[in-house]
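**Student:** Here it is, the structure in full.
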Protein chains: 2
Amino acid sequence: MFAEAEADPSLSREEFKKHETRLRTALVKAQYARLEAGERALLIVVAGIDGAGKGATINLLNEWMDPRHIKTHGFGPPDEHERQRPPFWRYWNALPAKGRTAIMFGSWYGALLFEGARKNPDVQRLDALAATIRQFESELAADNVQIIKLWFHLSAKAQKERCKRLLASPDTAWQVLPEDLLVQKHYERVRESGHHAISRTDSAHAPWVVVPSADDGMRAVTAADAVLHALQRRAIKVPSPAVAGAGQAARRNVLGKLDYSETIEKEEYENRLTAVQGRLARAMRDPAFRHRSLVLAFEGQDAAGKGGAIRRVTRPLDARHYEITPISAPSDYELSRPYLWRFWRRVPRQGRVAIFDRSWYGRVLVERVEGLAPPAAWKRAYGEINDFESQLVAHGAIVLKFWLAISEREQLTRFREREKSPYKAFKITPDDWRNRRKWPKYLSAANEMIARTDRPSAPWHIIATDDKRLARLRVLEHIVGAVEKALGRE
Amino acid sequence: MFAEAEADPSLSREEFKKHETRLRTALVKAQYARLEAGERALLIVVAGIDGAGKGATINLLNEWMDPRHIKTHGFGPPDEHERQRPPFWRYWNALPAKGRTAIMFGSWYGALLFEGARKNPDVQRLDALAATIRQFESELAADNVQIIKLWFHLSAKAQKERCKRLLASPDTAWQVLPEDLLVQKHYERVRESGHHAISRTDSAHAPWVVVPSADDGMRAVTAADAVLHALQRRAIKVPSPAVAGAGQAARRNVLGKLDYSETIEKEEYENRLTAVQGRLARAMRDPAFRHRSLVLAFEGQDAAGKGGAIRRVTRPLDARHYEITPISAPSDYELSRPYLWRFWRRVPRQGRVAIFDRSWYGRVLVERVEGLAPPAAWKRAYGEINDFESQLVAHGAIVLKFWLAISEREQLTRFREREKSPYKAFKITPDDWRNRRKWPKYLSAANEMIARTDRPSAPWHIIATDDKRLARLRVLEHIVGAVEKALGRE
């Protein structure tokens, strides 16, 4: 894989000049064609042997293309803010809009390469890291983010010579970083690590290109050529991670068997509400919660009482510690990124609570039923969502999902009541009546969603809400139970 | 000011019910009218005696209005991320879009109230804090963000009783915070502090309302009424902070006296460039820089070489430590907030470099010349910009501004060259030719801008760029000089 690059090939000055004119012209043209089409973003991952001239190549790409439409992200060790969220949070946040290009330097390969270069790499950890990367990259590729990965490579001898040359003058010595010198000691291990990382993560939709880097011209031309080809390439079909059988009638009709008739007396409700809010208040103030977070997703039919339930949950919370995000149709800004981007942005830091009034499940509910997402997209979404929630849970988040279910008859009563009330009328729109007529379709989508995404680590709770009070109590009791359990307070 | 509230007035259950229906109906109606007009945002600042029921009122407003268009921000002590930027950074980031409402809890009054409640408040510090707040609020008010400030107040006796009542049960005891109990000890000082904060910061465009809070109904109705009046009120003219005489022909014609003829030989350039880049690399790696930051704004005529100069500056920087932001016409997303919002978002953390390819000076250049901003807005901008930069400098940022000046003749040569080059053609658009025809207007705007915003703490450097190489060297030398001086490396 590295034989060609380790021969340290070079280009003559004339050859380089010829390529330069060709590449600059073609790169700018391709970049503008991409921008105009506005269909796909491009991620350029920069990795490789330290001291191979990665930084110089990033500068060069910014010079040869229109830098106003390229964003370079350099990721160092995660800062305080980043450590508070799952590791991939910062990469999701940095995704470019469709049509645009981002260069990722010190990317999600950091941990994999670091582990691989250790004296005795932990193979299980390597496998896990590589699997997470493959999942991430195929999700992006399926959602209009193209990926090209450059591995800058040169022989141990050439690397050493390059460092020596730069160190000779105090004015160029800064170009040599401490890690560049370490390479000389551990060249074989770094090389092995790169080799393994590439074999584990090379794919048609996110390919690696090895860039011979001993010669400045050769490095520049090979890297620029790889970027050019990526820009010119049509979208590649990503091997479908769609769930087998998705979209077929759900086998379990969990929502069909609900008992809507149970009720609770007002007085009992008020006593129990005060008690459970007290428990929640105490649990959230437990020092152990400072290293956890709480993510609540509320879904359900219109008028099932999501807003009212959420207000009962937030009452005992400190206003500085929670955020409610109401989810409606995505803006253009959001539409130009992968679907989960806007939810990743809202992932809470440790010690905080994020409440979603409707959520990422819109993909397999409203977007599916209304035909807003193509079947391939919403079928793929079950896996993407499970992956998203797993990353939250792995980082210590307590993830709970609520389906608030109302009977058709009770919904009608509430719709009519809303229309009559001077201060509730804003809650009812023609959309609500339209959705009501699609009741069976929504119900079947919800049934399938619950069947495919209900997991012990991020469970669904289905709550009958014809009696609002009882529903609110149950929501709170599920939350308190889960939080107390997670904190070992039981 | 507090006499009425300290009489702890209350409402009967019937009176409250009557008000509730009226207020809920009117609030929702007013909120929707605001949203539809999409002209002004509303900020509701919540402050007052601890344990007066501020949190309960926030919940109530969210219940009585449509909570999907209200965002509640609770600000605690600044976190790691926030401490890395000027104190007002987090408030700028939280500004709502036009038409929307935000509740600010634990707001920019925190420091002022805290200082005022100390045993021996530092009067100078109080004055300075109040002045910063007045400046901030009048900038927002002038830029379509309306502000209403609620001070929740009750007598010492009522505060004590409220805490006692809540503490009586473990299920409501959590509503009493440690600071609520402290109030009982220091009621007089807290009261005094509130009194002073209100007198120092009350204004027609950002008024305070004292909310009697001993009785839940009275508190709810008074607060909701205040918000309702704010929503219904027309925009108030903010006392103009516009600079006297702004827009008149500049007295100093700094740009008219430039010498464009100086040149440098290629070899000397390359040697000096390597040397100055080396100095910059070493300065930026100085541990002392970890507590500073560097903010560079590049302005100048088209084809004056901003991009080329910026690339020479970034070469010696670590890609993980700088960010280049090219500024073009604002998006709808940005237009719906105060002008400086999008620049505040890009303020670098400590140890980082932010480079702006065009900047906040667009307000007094292109927006002025092209009539994109009304005269009142760009005249006001000189003061707003000076204030923005002062906040950066006060927090340790090194702020430098460059005007790259090209002669009319050289610009023509470069335009023609760009049109002919296959890979530079993208750099030239009809806009560039149009701007060229407005040369004198842009020059006069730039002259005035420099005269009004050139200050020792955030200086302008005017660089003749007919010889690109010399211009790049000079830019770098100014930067290195300023950084070395700031870090005490000279």
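**Student:** Calculate the translational D of region A:128-199 in whole µm² s⁻¹ from Stokes-Einstein, where the hydrodynamic radius comes from the Kirkwood formula applied to all Cα pairs, the temperature is 20 °C and the viscosity 1.002 mPa s. Numbers along the way, then the final one.
**Tutor:** Working: Rh = 14.7 Å.
This corresponds to a translational diffusion coefficient of 146 µm²/s.
**Student:** Still on this structure: Could you tell me the convex hull volume per residue, in Å³, taken over the Cα atoms of region B:142-251?
**Tutor:** Per-residue hull volume (Cα only) is 155 Å³.
**Student:** In region A:99-187, what trypsin sites (Lys or Arg not before Pro) fall in a loop by DSSP, with at most 16 other Cβ atoms inside 10 Å?
**Tutor:** A:R118, A:K119
**Student:** Hey, what do the phi angles of region A:17-23 turn into as Karplus ³J(HN,Hα) couplings, whole Hz, using 6.51/-1.76/1.60 and θ = phi - 60°, x for Gly and Pro?
**Tutor:** Going residue by residue, I get 4, 4, 4, 4, 4, 4, 5 Hz, with x marking Gly and Pro.
**Student:** When averaged across all projection directions, what area in nm² does the alpha-carbon convex hull of region B:373-432 cover?
**Tutor:** Values: hull surface 27.2 nm².
Taking a quarter of the hull surface, the average projection is 6.8 nm².
**Student:** Let me ask something additional. What are the semi-axes of the equivalent ellipsoid for region B:351-404, taken as the square roots of 5 times the Cα gyration tensor eigenvalues, largest first, in whole Å?
**Tutor:** 23, 14, 7
**Student:** Short version: what are the Cα gyration tensor semi-axes of the protein assembly as shown, square root of 5 times each eigenvalue, largest first, in whole Å?
**Tutor:** 51, 38, 26
**Student:** Kindly give the distances from A:E370 to its copy-mates, label point to label point, with each label point 7 Å from Cα along Cα→Cβ, as nm values to one decimal ordered shortest first.
**Tutor:** 3.5
**Student:** Now a separate question. 5 Å is the cut-off here: which amide hydrogens, built 1.01 Å from N in the peptide plane, fall below it relative to A:S203, excluding neighbours closer than 5 in sequence?
**Tutor:** The list, which skips near neighbours in sequence, is A:W208.
**Student:** Quick one: check the C-alpha center-to-center distance for region B:209-244 versus region B:142-197, whole angstrom.
**Tutor:** Their Cα centres are 19 Å away from one another.
**Student:** Next question, about the same structure. Where the convex hull is taken over the Cα atoms of region A:396-466, what is its projected area averaged over directions, in nm²?
**Tutor:** Orientation-averaged projected area of the Cα hull: 6.2 nm².
**Student:** Further, regarding this structure: Cα atoms only: what Rg and Dmax, in Å, come out for region B:298-449?
**Tutor:** Taking only Cα atoms of region B:298-449, I get Rg and Dmax of 16.3, 47 Å.
**Student:** Next question. List the residues whose amide H sits under 5 Å from the amide H of A:V45, counting only those 5 or more places along or on another chain, with H placed 1.01 Å from N in the peptide plane.
**Tutor:** Long-range HN contacts for A:V45: A:M104, A:I148, A:K149, A:L150.
**Student:** I've got another one for you. Taking 51 Å as R0, compute the FRET efficiency from the Cβ-Cβ separation of A:L167 and A:E484 and round it to 0.05.
**Tutor:** That pair, A:L167 with A:E484, gives E of 0.30.
**Student:** Roughly how many Å² of B:H478 are accessible to a 1.4 Å probe, to the nearest 10?
**Tutor:** Accessible area of B:H478: about 70 Å².
**Student:** Between copies, how far apart are the A:R285 label points? List them in nm, one decimal, shortest first, with each point 7 Å from Cα toward Cβ, please?
**Tutor:** 5.1
**Student:** Same structure again: How much accessible surface area, in Å² rounded to 10, belongs to the heavy atoms of A:R345 with a 1.4 Å probe?
**Tutor:** About 80 Å², ignoring ligands and nucleic acids.
**Student:** Quick one: ranking B:F114, A:F388 by accessible area, 1.4 Å probe, largest first, what do you get?
**Tutor:** B:F114, A:F388
**Student:** Would you mind computing the Rg to Rh ratio of chain A from its alpha-carbon coordinates, Kirkwood style for Rh?
**Tutor:** 1.05
**Student:** Sticking with this structure for a sec: Sequence-distant or interchain residues sharing an amide H contact under 5 Å with A:T101, placed H: which?
**Tutor:** Sorted by chain and number, the residues that satisfy this are A:L42, A:K71.
**Student:** Between A:A394 and B:A235, with labels modelled 7 Å along Cα→Cβ, what's the label distance in nm to one decimal, could you check?
**Tutor:** So the label points at A:A394 and B:A235 sit 5.0 nm apart.
**Student:** Can I ask one more? Dividing the convex hull volume of the Cα atoms of region B:75-181 by its residue count, what figure in Å³ per residue is obtained?
**Tutor:** About 159 Å³ per residue, rounded to a whole number.
**Student:** So, one more: Taking each label point as 7 Å beyond Cα in the direction of the beta carbon, state the distances from A:D431 to the same residue in the other copies, shortest first, in nm.
**Tutor:** 3.4
**Student:** So what is the relative contact order of region B:377-490, in percent, for Cα pairs below 8 Å that sit 6 or more residues apart?
**Tutor:** Result for region B:377-490 is 41 percent.
**Student:** For chain B, what does the relative contact order come out to in percent, with C-alpha contacts under 8 Å and a separation of six or more? Display every interim value, and only then the final one.
**Tutor:** On the way: 724 pairs, mean separation 94.6, N = 490.
With pairs under 8 Å counted, the relative contact order is 19 percent.
**Student:** What base-10 log of the normalised intensity I(q)/I(0) is obtained for region B:205-343 from the Debye formula, alpha carbons as equal point scatterers, at q = 0.14, 0.17 Å⁻¹?
**Tutor:** Scattering profile of region B:205-343, log10 relative to I(0): -1.03, -1.22.
**Student:** Right, here's the next one. For B:D127 and A:A425, what is the calculated FRET efficiency with R₀ set at 60 Å and r taken between the beta-carbons, to the nearest 0.05?
**Tutor:** Calculated transfer efficiency: 0.75.
**Student:** While we're looking at this one, here's another question. Can you run the Rg to Rh ratio on region A:1-58? Use alpha carbon positions and the Kirkwood inverse-distance Rh. Each step should come with its number before you reach the end.
**Tutor:** Details: Rg = 15.1 Å, Rh = 14.4 Å.
My calculation of the ratio gives 1.05.
**Student:** Follow-up question, since we're still on this one. For labels at B:D332 and A:T25 in the simple 7 Å Cα→Cβ model, what's the distance in nm?
**Tutor:** In this crude label model, B:D332 to A:T25 measures out at 4.0 nm.
**Student:** Would you calculate a helix-derived [θ] at 222 nm for the protein assembly as shown, using -39,500 (n - 2.57) for each DSSP H run of n ≥ 4 and dividing by the full residue count, to the nearest 500?
**Tutor:** Here the helix-only value at 222 nm equals -15500 deg cm²/dmol.
**Student:** Continuing with this model, one more query. On alpha carbon coordinates alone, what is the Rg over Rh value for region A:35-115, Rh being the Kirkwood radius?
**Tutor:** Values: Rg = 13.7 Å, Rh = 13.8 Å.
Radius of gyration over Kirkwood radius for region A:35-115 works out to 0.99.
**Student:** Spelling out what I want: for every residue of region A:477-490, take phi, set θ = phi - 60°, compute 6.51 cos²θ - 1.76 cosθ + 1.60 (Karplus), and round to whole Hz; glycine and proline get x.
**Tutor:** 5, 4, 5, 4, x, 5, 5, 4, 5, 4, 8, x, 8, 4
**Student:** Quick one: putting +1 on the C-beta of Lys and Arg, -1 on the C-beta of Asp and Glu, what dipole do you get for region A:96-161 around its Cα centre, in Debye to the nearest 20?
**Tutor:** Its charge dipole is roughly 260 debye.
**Student:** For a Förster distance of 51 Å, can you work out the FRET efficiency between the beta-carbons of B:A3 and B:K441, rounded to the nearest 0.05?
**Tutor:** Details: r = 58 Å, r/R0 = 1.13.
Once the sixth-power term is evaluated, E becomes 0.30.
**Student:** I want to make sure I understand the PRE zone here: with the label point 7 angstrom from the Cα of A:H195 toward its beta carbon, which residues in region A:121-152 have backbone N atoms less than 17 Å away?
**Tutor:** A:121-123, A:151-152
**Student:** Moving on. Taking the C-alpha atoms of region B:201-282, how large are the radius of gyration and the largest Cα-Cα span, Dmax, in Å?
**Tutor:** 29.8, 81
**Student:** Could you give the Stokes-Einstein D for region B:163-211 in µm² per second, using the C-alpha Kirkwood radius, 25 °C, 0.890 mPa s? Kindly include the intermediate steps, with their values, before the conclusion.
**Tutor:** On the way: Rh = 12.9 Å.
Translational D for this selection: 190 µm²/s.
**Student:** Please list the equivalent ellipsoid semi-axes of region A:263-349, computed as the square roots of five times the alpha-carbon gyration tensor eigenvalues, in descending order and whole angstrom. Spell out each step's value before the answer.
**Tutor:** Numbers: eigenvalues 172, 80, 14 Å².
They are 29, 20, 8 Å, listed largest first.
The values are calculated or read from the model by the stated rules, or taken from the named source; none is laboratory data. Only a predicted model underlies this, so the values are computations on that prediction, with no experimental measurement involved. Using ideal geometry, Cβ is built from the backbone for each residue, glycine included, and neighbour counts are taken over all protein chains shown. Surface areas here come from the heavy atoms of the whole protein model, side chains and all, with no ligands, DNA or RNA. Shrake-Rupley method; radii C 1.70, N 1.55, O 1.52, S 1.80 Å.
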